[in-house]
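The values are calculated or read from the model by the stated rules, or taken from the named source; none is laboratory data. Model, not experiment: these values are computed from the prediction. For neighbour counting, all protein chains shown are included, and Cβ atoms are generated from backbone atoms with ideal geometry for every residue, glycine included.
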């Protein structure tokens, strides 16, 4: 039976359990990453235009300089990818856990975009409250995965109790 926990929405069908957790926007970070994304887009557009101009300039150094610019554009692309992921993280207004029979999917949706990570349930440890981050967490191999950062302590504890009772029934918190 699905519990009724404040601020948490549950939806279940035959193939998965969906848990929607609230997220409070951190407007300062969202504004900073939005600004960085705009600067990155301007730099990328200007870099592509400049690279094309140099490549077709006909100068004797054009090939070597174009290769150097392409390397810098690749580094700029990687930087933009990191900024884009962080922007999506802070732009999301909810966090969703999909628990399937074989996997757990953690998603922070932003329209059709968003950050999605999937974990094999066979390698997930029982859920616990992280002492350092004060939020629900689980271990996936050697990686600590945190979610529900904005949940109050009581609903987080009730959610962890429900998830452990349902998916890790033989787990005893005292046996750590």
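Things worth noting here:
- Residue in region 91-105 that is more than 23 Å from residue 155 (Cα to Cα), buried (at least 17 other Cβ atoms within 10 Å of the Cβ) and within 20 Å of the chain's Cα centre (by Cα) present: yes
- The one condition from (1) exposed (fewer than 14 other Cβ atoms within 10 Å of the Cβ); (2) modelled with pLDDT of 95 or more; (3) over 30 Å from residue 20 (Cβ atoms) that residue 57 does not meet is (2).
- Checking 69, 17 one by one, the residue that is surrounded by 11 or more Cβ atoms within 10 Å (Cβ to Cβ), in contact (Cβ under 8 Å) with a residue 12 or more places away in the chain and over 21 Å from the mean Cα position of the chain (by Cα) is 69 and no other.
- Residue ID - farthest from the chain's Cα centre (by Cα), chosen from residues in region 122-149 that are under 14 Å from residue 99 (Cα atoms) and surrounded by fewer than 14 Cβ atoms within 10 Å (Cβ to Cβ): 122
- Checking region 139-160 against the condition returns a match, with at least one residue being assigned to a strand (DSSP E or B), touching a residue at least 24 places away in the same chain (Cβ under 8 Å), over 30 Å from residue 51 (Cβ atoms) and touching a strand residue (DSSP E or B) at 6+ places or on another chain (Cβ under 8 Å).
- Count of region 77-135 residues which are more than 19 Å from residue 167 (Cα to Cα), assigned to a helix (DSSP H, G or I) and in contact with a strand residue (DSSP E or B) (Cβ under 7 Å, 6 or more places away or on another chain): 4
- Breaking point among (1) more than 18 Å from the chain's Cα centre (by Cα); (2) touching a residue at least 12 places away in the same chain (Cβ under 8 Å); (3) surrounded by fewer than 16 Cβ atoms within 10 Å (Cβ to Cβ), for residue 113: (1)
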